[in-house]
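To start, the structure under review is shown below, and the notes come after it.
The values are calculated or read from the model by the stated rules, or taken from the named source; none is laboratory data. Since this is a predicted model, take the numbers as computed values, not measurements. Cβ placement follows ideal geometry from the backbone for every residue including glycine, while neighbour counts extend to all protein chains displayed. Heads up: the accessible areas ignore ligands, DNA and RNA and are worked out on the full protein's heavy atoms, side chains in. Shrake-Rupley method; radii C 1.70, N 1.55, O 1.52, S 1.80 Å.
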Amino acid sequence: MASQWDAIVVGGGHNGLTAAALLARAGLRTLVLERRELAGGCCVTEEIAPGCRASTTSYIASMLRPEVIRELGLARHGLRMVPCEPALQVALDGGTVLADWGDPGRTAAEIARYSAADARAFVTVTAELHRLAARLQPLLTELPPDTSGGRLRDLAELVRLGRRLRGIRARDLAGLTELLTGSLGEFIEARFESRQARALLLANNLYGKHGGPYQPGTLIGLAFHMLTGGEESVQGFFGHVIGGMGAISEAIAAAGRSHGMQLRTGAEVGQILVRRGQATGVALADGTELTARVVLSGADPKRTFLGLLDKAELPGDFAAAVAGIKMDGPCAKVNLVLDAEPQVLGMPADAGPGQRALFTLPPEIGVADACYDLAKRGELAAADQLFVDCVVASNVDGSLAPAGRHIMTCFVQYVPYRLASGSWDQRREELGDLVLSRIAAFAPNVPRSVLARQVLTPLDLERGYGLTEGNIFHGDIRPDQLFHMRPVPGWARYATPVRGLYLCGAGAHPGGGVTGAPGYNAAGRVLADLKRGRRSRDAAS
């Protein structure tokens, strides 16, 4: 392997691969270094039993940026996504199943079985959320405001923000404020009366985010899920990825390779090298040193700045701000191989494979809030308090398992990263048992159908996938850690206090989820800086 590169990307997650592919497309000699033997980070498909593959961590494609899909030609490189229809479905006590379809009118007709007022409210709320999400949409691929100081810079940022807000109506400004700061529980209870409709709205929360549903800032999940995704830029897009989520990373990597990008797995970076305030390359864990004009890190901010850099290279206030980023992931994953398809109580007899492929088990709003409070204290909740999102991916993708086998992935919240008693190594299977007990109340055949089980606790997510404290977003999604505040104030534009070092993972704007946006934006920033540097050198000569 060559030792000199234009760009080295630390971490082969889907964002790191996106940044690398775009840099390679621009003509830079680009190398991606991935610690694991499999690239993709948390956007992977892995074998969990002989011949049976699961999307072990991320599991549904909902906000993959159209710009990434189109500019890298991911369809040409094998990416195929099938829209989830319904996008969401809740199974409730008493054998009730309620689906959220792509057509709001169809969903409203289902809700009307329980409340005509809620059916009307659903149509109104959906239209409002679509309108507000459209206002937020452009921010995903824009540089956040530069708050690093300077009067002229401050003025320029105010002008730029003013242009973005031009034409916004007063009610939309109020709505956006509520979306960013409001409580999901209070929003739902103020607009819906039936437990069924409330459960459907609660299930559309931001999975993996800190905060019980009554906490301020939890309403933002409704807006996130209304942002566009997929090649056609569909609002509220949810998709099953054929081949599992790893097919996204594989397609991005293939696109990058077509432009000369090189990817090396099993290559752990031990240190980012810095000389006189300038990133000069990396040292691998085995001592090998590789040089580069720029280094991009797809690792989370804490791992990047507090683990891979010498603290002496960072301003003290910056290091302190990074150390203060809220992490401690509140979620876990349970992946199952079954010898029978889950038989969900209340599932319509004529339900097709797509409808049978997903169901969410949300507790009552107050119970979910109590579950989060337990997690804050380091305690595991009872089975009936857990929030479990289930996807039977093999129903829509026969390539994941042989005939007679079914792949079911279960996203679980709220669970603590730090347990008050015992360790996750001791209590891992206890969590798996709780999840199966929760599912059994709605799909009684599942526990006896389990052939293989994989339980990924927050600690497993940290150790296996490099997520500090098991946080799937590289830092919690909350108002004080978003936009110009991400990862820390003054450094929201991908560049860092170390010249030539950039952040390109989910810890940068706009945050987590399988979007590709942080990698896309970071690549744009790097190319702009390199072009500016060339112009400066040309002018000097």
Does V344 satisfy being assigned to a loop (DSSP other than H, G, I, E, B), surrounded by 23 or more Cβ atoms within 10 Å (Cβ to Cβ) and not small (G, A, S)? yes
Selected residue (only one of L503, L451 is open to solvent by less than 40 Å² (accessible area, probe 1.4 Å), on the phi < 0 side of the Ramachandran plot and of a type in the set (A, V, I, L, M)): L503
Considering every residue within the range 414-435, establish whether at least one is free of Cβ contacts under 8 Å to residues at least 40 places away in the same chain and either under 18 Å from Y59 (Cβ atoms) or aromatic (F, W, Y) (or both). yes
Could you tell me whether the range 322-337 includes any residue that is open to solvent by less than 20 Å² (accessible area, probe 1.4 Å), over 30 Å from N395 (Cα atoms), under 21 Å from the mean Cα position of the chain (by Cα) and at pLDDT 95 or above? yes
Quick test for you: out of G464, G475, G490, pick the one residue that is assigned to a loop (DSSP other than H, G, I, E, B), under 29 Å from V274 (Cα atoms), open to solvent by 10 Å² or more (accessible area, probe 1.4 Å) and of a type outside the set (A, V, I, L, M). G490
With surrounded by fewer than 24 Cβ atoms within 10 Å (Cβ to Cβ) and within 22 Å of A283 (Cα to Cα) as the only criterion, which of R35, R53, R25 stands out? R35
Matching residues in the range 356-382 - criterion: being surrounded by 21 or more Cβ atoms within 10 Å (Cβ to Cβ) and small (G, A, S): A357, A368, A375, A381
Of the residues in the range 458-489, how many are in contact with a Gly (Cβ under 7 Å, 6 or more places away or on another chain), among the polar types (S, T, N, Q) and modelled with pLDDT of 95 or more? 1
Go through the range 405-438 and count every residue that is touching a Leu at 6+ places or on another chain (Cβ under 8 Å) and in a helix (DSSP H, G or I). 8
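Here's the yes/no breakdown for (1) under 25 Å from R25 (Cα atoms); (2) open to solvent by 10 Å² or more (accessible area, probe 1.4 Å); (3) touching a helix residue (DSSP H, G or I) at 6+ places or on another chain (Cβ under 8 Å):
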site: P213; (1), (2), (3): no, no, yes
site: G217; (1), (2), (3): no, no, yes
site: E232; (1), (2), (3): yes, yes, yes
site: A251; (1), (2), (3): yes, no, no
site: A267; (1), (2), (3): yes, no, no
site: V274; (1), (2), (3): no, yes, yes
Leading residue by the ranking (nearest to L345 (Cα to Cα)) among those in the range 439-461 that are of a type in the set (D, E, K, R) and part of a helix (DSSP H, G or I): R448
Contact list, first residue from the range 79-98 and acidic (D, E), second anywhere and assigned to a loop (DSSP other than H, G, I, E, B) and open to solvent by 40 Å² or more (accessible area, probe 1.4 Å), beta-carbon distance below 8 Å, six or more apart or interchain, is E85/G102; D93/A441
Can you find a residue that is out of contact with any strand residue (DSSP E or B) (no Cβ under 6 Å at 6 or more places or on another chain), over 30 Å from G246 (Cβ atoms) and part of a loop (DSSP other than H, G, I, E, B) anywhere in the range 382-392? yes
Pair list, Cβ < 6 Å and 6+ apart or interchain, from the range 184-207 residues that are under 16 Å from Y114 (Cα atoms) and assigned to a loop (DSSP other than H, G, I, E, B) to residues that are open to solvent by 40 Å² or more (accessible area, probe 1.4 Å) and modelled with pLDDT of 95 or more: F192/R198; S194/Y114
Report yes if H210 is assigned to a strand (DSSP E or B) and under 30 Å from V367 (Cα atoms), otherwise no. no
Could you grab me the full set of residues in the range 1-22 that are surrounded by 19 or more Cβ atoms within 10 Å (Cβ to Cβ) and over 20 Å from A285 (Cα atoms)? H14, N15, L17, T18, A19, A20, A21, L22
Only residues in the range 170-182 that are under 13 Å from V125 (Cβ atoms) count as the first member; pair them with residues that are assigned to a helix (DSSP H, G or I) and of a type in the set (K, R), Cβ under 9 angstrom, at least 6 apart or cross-chain, and list the lot. G175/R131; G175/R135
Tell me the residue from T124, T45, T30, T141 that is surrounded by fewer than 20 Cβ atoms within 10 Å (Cβ to Cβ) and over 24 Å from R198 (Cα atoms), please. T141
